[in-house]
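The block underneath contains the structure these notes are about, expressed in structure tokens.
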Amino acid sequence: MSSSRKIGEPILVVDDISLSFGGVRALQNVSFDVCEHEIRAIIGPNGAGKSSMLNVINGVYHPQIGTVTFKGETRHHVDPHHAASQGIARTFQNIALFRGMTVLDNIMTGRNLKMRTNFLQQALWVGPARREEMEHRLKVEEVIDFLEIQHIRKTPVGRLPYGLQKRVELGRALAAEPELFLLDEPMAGMNTEEKQDMCRFILDVNDQFGTTIVLIEHDMGVVMDLSDRVVVLDYGRKIADGKPDEVRGDQAVIDAYLGVAH
Amino acid sequence: MAESALDTFPRLLLHHAKVRGDRPATREKDLGIWQTWTWSEVAVEVRSLACGLAELGFKRGDNLAIIGDNRPRLYWAMTAAQCLGGVPVPLYQDAVAQEMTFVLENAEIRFAIVEDQEQVDKLLEIKSQCPQLQHILYDDPRGLRHYTQTEIQSLDEVMEMGRIHDRNQPDFLDGEIAKGRPEDVAVMLYTSGTTGQPKGVCQTHAAFITAAKTGCEFDKLGPDDEILSYLPMAWVGDHLFSYAQAIYAGFTINCPESGDTVITDLREIGPTYYFAPPRVFENLLTQVMIRMEDAGAIKRWMFHYFMEVARRCGAEILDGKSEVTATDRLLYSFGNLFVYGPLRNVLGMSRIRVAYTAGAAIGPDLFRFYRSIGINLKQLYGATETCAAVCLQPDGQIKFDTVGPPAPGVEVRIADNGEVLVRGQVMLKEYYKRPDATAESIDAEGYFHTGDAGFFDPDGHLKIIDRAKDVGKLANGAMFAPNYIENKLKFFSYIKEAVAFGHGRDMVCAFINIDLGAVGNWAERRNIGYSGYTDLAQRQEVYSLIGECVEKCNAELALDAVLSNSQVHRFLILHKELDPDDDELTRTRKVRRGFVAEKYKVLIDALYSGKHSQFIETQVKFEDGRSGMINADLRITDAKVFDIAAGKKAA
């Protein structure tokens, strides 16, 4: 693993986030930061609030208390649309692709926010729309080349095996040229070879494009190998935060995973 | 500039650049689009590459290793090396690092031009064992940004250096090209080595140009033809078709986007000239059969009905024979409209004027299938040592079980022991640094010993039986040609590979590899679940299925007095596919009989001692070179055998 990236200043700061759904306290006073160009893992037992944390960063859920600061802009409530246009892209645990559309079209939708021509221009297929389509198609083809999915370019996504669908979703998020990448269990349901492939792509994204990555993952091997720093959540609270080796040896973390009576 | 003879490849290239500079020479699908380079553009690129190599110190007589998938720059690198009087040495891109060590050392490689990071990594891994390797030049920069080794350089950089060199010394390259002689070695191709270490076959410009010329004249190939270049560059067949013939005739080579997209790219290009080993045609046929099972009832009926028509008269119609009845002709033309035409289209073969297959003996049934749907598939026979062109089948004289008469300019003789001997311009100059092997293979009269056993039929067409070494005798003295039996078995889409044993034994037994795609599909239709290749291969239902295939094969063998002795009495299905990475097959997927017999000795013993099951544990190599163990209890089954020549079921 080559690591000549410079990890910079915090690009994302999550401050004292508390999120409840009625009586269910999904997150309680969680604070951590993510530095530029690093790979940050969020781990914890099931139900710890990891996906909820990503949803808060992304603006899908609005926390009752706490703020999210991205690239210096602090907001109490983030709108998903705004988060996306600021440069946050994400993948979903259970895949949220358009099953009837081809791989190419799905990844093109990732360019949506970058399209400047209006509806009329695109409908009439005039000059600016055509040029823009070519630009976007070129970028998307580069993503396809990067992820090695040329052979399924025209295949409807619904027909693809799970591992490839996940790769396509990664592609869609990549096509948006994000600065912050939120990956929700990218390795779920994959065998060793597929995990290795996915790891390689994630590392390549981080290395080649300098994208900051926040990653939820259960496979400890992957977490230890890939991430620069780790946040551990349990029952909605942060119980550890630091380098993978520090976190691995932390007693609270071990208890959380092995299960100690609360 | 004095008019020089077109007797070396660089001179041929310059000729095309002058005479048809605007016509497409090379295409590659990249980022979803076909990018084209014309002949004059290719000449410019080759110049830059050659001068760049010269700048780095590549000298006349040096060998240049070329490793990667079919990429324009790798083909151009071959010409660039030849411009400077060097010799390109293409290697198999899927070889693991250790396999490459032998060739790199043997050929004393100092310069290597490789496709991408994967190949760079392999070379770096073995660099300590090949200290003379000083320059690793790569085409695709992906993943190589942080590599700091001094040996590694991008081709872009080298070509830029070359352009500057060419500007400063404009006469240098032309001078070098002028020094080339037709008897210089043009390329070195290492034979796959079913036994022993690979040998570097040195072929001259004259030899390959002769082979190219013969083929082009034979099939009337010209500058308007299109070919898809997807077979390993290290294989003599690809070198003949995509390099020698392309540069001789001036037609266009098209490089597909990646190994996975070949079928789509084939459809997009619609080549006029096509070459594929029998395995590819087998796979295509298997795919077609699988897809047909998915089709609706009407389509299935149409397919089977018209395929029957084709089987009756299709090949004869293609050959222009007159014995076909008018009714059959009418039916065939309907078939063409509804079935064969669309089928050819889906296979990407609509524009094919000539398709060749070679490399291993092809099953007659498979061959007939393609001809019957209007694809002019022909056989050619040759070896790396003969530039692949010993026998060519002429249009209109296609027989399914022969490889045709000797090509123009090639003499073929059968030795007393049945071995095929060849003499002609297309022969190798020598085996690199192996005067002993050279002396062994080329006899006093100048005939090359091919190592294949064969005979001429009454029409003067050569019929290849098997590798001479593999042809054996059963215990009762009857001839045993394993390849023939295996090809018959492999025609069934369910059987991917077969290895027959019987030399010195009283009956023939076989190992079978199932085709995961075809058998998996079959199993799914019958709601048979399975957890992977090994599991599927051991199912009782699959054994019955394969047993039926073996039985059909036996029934056909029983019709011939001699072959009937070779019926398969017992068989087993292997728990894993035979793989070149495990040294069981060569890189061109020929079975390494001796090695397989050694490795699976316990299974062979079990087959012949009447056992009904046998445990086996074997080592496997993963694609990155690591090893693992895989084991299974293999079931062994008897197959129905038929009475000799009577065709009646044996008790």
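So which residues in the stretch A:122-159 are among the aliphatic types (A, V, I, L, M) and within 13 Å of chain B (Cβ to nearest Cβ), if there are any at all? Explain how you work it out, then say what you get.
Taking the stretch A:122-159 as the starting set, the residues that turn out to be among the aliphatic types (A, V, I, L, M) are A:123-124, A:126, A:129, A:134, A:138, A:140, A:143-144, A:147, A:149, A:152, A:157.
If the condition is that a residue be among the aliphatic types (A, V, I, L, M) and within 13 Å of chain B (Cβ to nearest Cβ), then A:Met134, A:Leu138, A:Val140, A:Val143, A:Ile144, A:Leu147, A:Ile149, A:Ile152 are the ones that fit.
Inspect the stretch A:119-132 for any residue being closer than 30 Å to B:Ser258 by Cα and surrounded by fewer than 16 Cβ atoms within 10 Å (Cβ to Cβ) and give the result as yes or no. Spell out how you get there, then give the answer.
Of the residues in the stretch A:119-132, the ones closer than 30 Å to B:Ser258 by Cα are A:130-132.
Those still in the list that are surrounded by fewer than 16 Cβ atoms within 10 Å (Cβ to Cβ) too: A:130-131.
Checked the stretch A:119-132: at least one residue is closer than 30 Å to B:Ser258 by Cα and surrounded by fewer than 16 Cβ atoms within 10 Å (Cβ to Cβ).
Which count do you get for residues in the stretch B:120-137 that are more than 14 Å from chain A (Cβ to nearest Cβ) and assigned to a helix (DSSP H, G or I)? Quick ask: steps written out before the conclusion?
Taking the stretch B:120-137 and keeping what is more than 14 Å from chain A (Cβ to nearest Cβ), we get B:122-123, B:125-137.
Checking the rest, the ones that are also assigned to a helix (DSSP H, G or I) come to B:122-123, B:125-129.
Of the residues in the stretch B:120-137, 7 are more than 14 Å from chain A (Cβ to nearest Cβ) and assigned to a helix (DSSP H, G or I).
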Is there a residue in the stretch A:73-94 that is in contact (Cβ under 8 Å) with a residue 60 or more places away in the chain, touching a Pro at 6+ places or on another chain (Cβ under 9 Å) and within 14 Å of chain B (Cβ to nearest Cβ)?
-> no
Odd one out for B:Lys399, checked against (1) within 23 Å of B:Phe491 (Cα to Cα); (2) buried (at least 23 other Cβ atoms within 10 Å of the Cβ) = (2)
Across the stretch B:247-266, the tally of residues that are touching a residue at least 40 places away in the same chain (Cβ under 8 Å) and either touching a strand residue (DSSP E or B) at 6+ places or on another chain (Cβ under 8 Å) or within 24 Å of B:Asp184 (Cα to Cα) (or both) stands at 12
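Conditions (1) outside any loop (DSSP other than H, G, I, E, B); (2) within 30 Å of the chain's Cα centre (by Cα); (3) within 30 Å of A:Cys199 (Cα to Cα), marked per residue:
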residue	(1), (2), (3)
B:Glu118	yes, yes, yes
B:Pro141	no, yes, yes
B:Glu160	yes, no, no
B:Arg163	yes, no, no
B:Gly175	yes, no, no
Filter result (aromatic (Phe, Trp, Tyr) and in contact (Cβ under 8 Å) with a residue 40 or more places away in the chain) within the stretch B:1-56 | B:Phe9, B:Trp34, B:Trp39
Considering the stretch B:482-517 alone, what residues qualify as being buried (at least 21 other Cβ atoms within 10 Å of the Cβ) and of a type in the set (A, V, I, L, M)?
-> B:Ile485, B:Leu489, B:Ile495, B:Ala498, B:Val499, B:Ala500, B:Val508, B:Ala510, B:Ile512, B:Ile514
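Report yes if some residue within the stretch B:579-595 is among the aromatic types (Phe, Trp, Tyr) and touching a Cys at 6+ places or on another chain (Cβ under 9 Å); otherwise report no.
So the first thing to find is which residues in the stretch B:579-595 are among the aromatic types (Phe, Trp, Tyr), and the list is B:595.
Next cut, touching a Cys at 6+ places or on another chain (Cβ under 9 Å) only: none.
Scanning the stretch B:579-595, I find no residue that is among the aromatic types (Phe, Trp, Tyr) and touching a Cys at 6+ places or on another chain (Cβ under 9 Å), so the answer is no.
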Determine if the stretch B:494-510 includes at least one residue that is in the same structural domain as B:Asn631 (by TED's automatic domain parsing) and in a helix (DSSP H, G or I).
-> no
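Is it the case that A:Val78 is at negative phi, surrounded by 17 or more Cβ atoms within 10 Å (Cβ to Cβ) and at pLDDT below 90?
So A:Val78 fits the description; yes.
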Unmet requirement for B:Glu323, which otherwise passes all of (1) in a loop (DSSP other than H, G, I, E, B); (2) out of contact with any Cys (no Cβ under 9 Å at 6 or more places or on another chain); (3) not aliphatic (A, V, I, L, M) = (2)
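Yes or no, residue by residue, for (1) within 14 Å of chain A (Cβ to nearest Cβ); (2) part of a helix (DSSP H, G or I):
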site: B:Leu14; (1), (2): no, yes
site: B:Gly21; (1), (2): no, no
site: B:Ala25; (1), (2): no, no
site: B:Lys29; (1), (2): yes, no
site: B:Thr36; (1), (2): no, no
site: B:Val46; (1), (2): no, yes
site: B:Gly52; (1), (2): no, yes
Top-ranked residue of the stretch A:176-191 - restricted to ones that are farther than 11 Å from A:Arg90 by Cα and either part of a strand (DSSP E or B) or among the aliphatic types (A, V, I, L, M) (or both), ranked as nearest to the other protein chains (Cβ to nearest Cβ) = A:Met190
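This table checks each residue for (1) modelled with pLDDT of 90 or more; (2) closer than 20 Å to B:Arg635 by Cα.
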position	(1), (2)
B:Met479	no, no
B:Leu489	no, yes
B:His503	no, no
B:Cys509	yes, yes
B:Ala518	no, no
B:Glu541	yes, yes
B:Ser544	yes, yes
B:Ala558	no, no
State yes or no: is B:Lys199 without any contact (Cβ under 8 Å) to a residue 60 or more places away in the chain and either closer than 21 Å to B:Asp7 by Cβ or surrounded by 15 or more Cβ atoms within 10 Å (Cβ to Cβ) (or both)?
-> no
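Could you list all residues from the stretch B:158-173 that are among the acidic types (Asp, Glu) and either within 14 Å of another protein chain (Cβ to nearest Cβ) or in contact with a helix residue (DSSP H, G or I) (Cβ under 8 Å, 6 or more places away or on another chain) (or both)? Break it down into steps so the answer makes sense when it comes.
Of the stretch B:158-173, the ones among the acidic types (Asp, Glu) are B:160, B:166, B:171.
Across the stretch B:158-173, the qualifying residues are B:Glu160, B:Asp166.
Is it true that B:Asp140 is modelled with pLDDT of 90 or more and within 14 Å of another protein chain (Cβ to nearest Cβ)?
On the way: modelled with pLDDT of 90 or more: yes; within 14 Å of another protein chain (Cβ to nearest Cβ): yes.
When the stated conditions are applied, B:Asp140 passes them.
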From (1) crowded, with 18+ Cβ neighbours inside 10 Å; (2) modelled with pLDDT under 90; (3) closer than 30 Å to B:Thr210 by Cβ, pick out the condition that doesn't hold for B:Cys391.
-> (2)
Tell me which of these B:Glu308 doesn't satisfy, since it passes every other one: (1) in a helix (DSSP H, G or I); (2) surrounded by 15 or more Cβ atoms within 10 Å (Cβ to Cβ).
-> (2)
Here, strands (runs of 3 or more DSSP E) confined to the stretch B:199-287 with at least 1 residues that are within 14 Å of chain A (Cβ to nearest Cβ) are B:252-255
Working only within the stretch A:208-237, note down all residues that are closer than 22 Å to A:Asn94 by Cβ and crowded, with 19+ Cβ neighbours inside 10 Å.
-> A:Ile213, A:Val214, A:Leu215, A:Ile216, A:Glu217, A:Val222, A:Val223, A:Leu226, A:Leu233, A:Gly236
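The values are calculated or read from the model by the stated rules, or taken from the named source; none is laboratory data. Just so it is clear, the model here is predicted, and its values are computed rather than measured. Ideal geometry is used to build each Cβ from the backbone, glycine not excepted, and the neighbour counts take in all protein chains shown.
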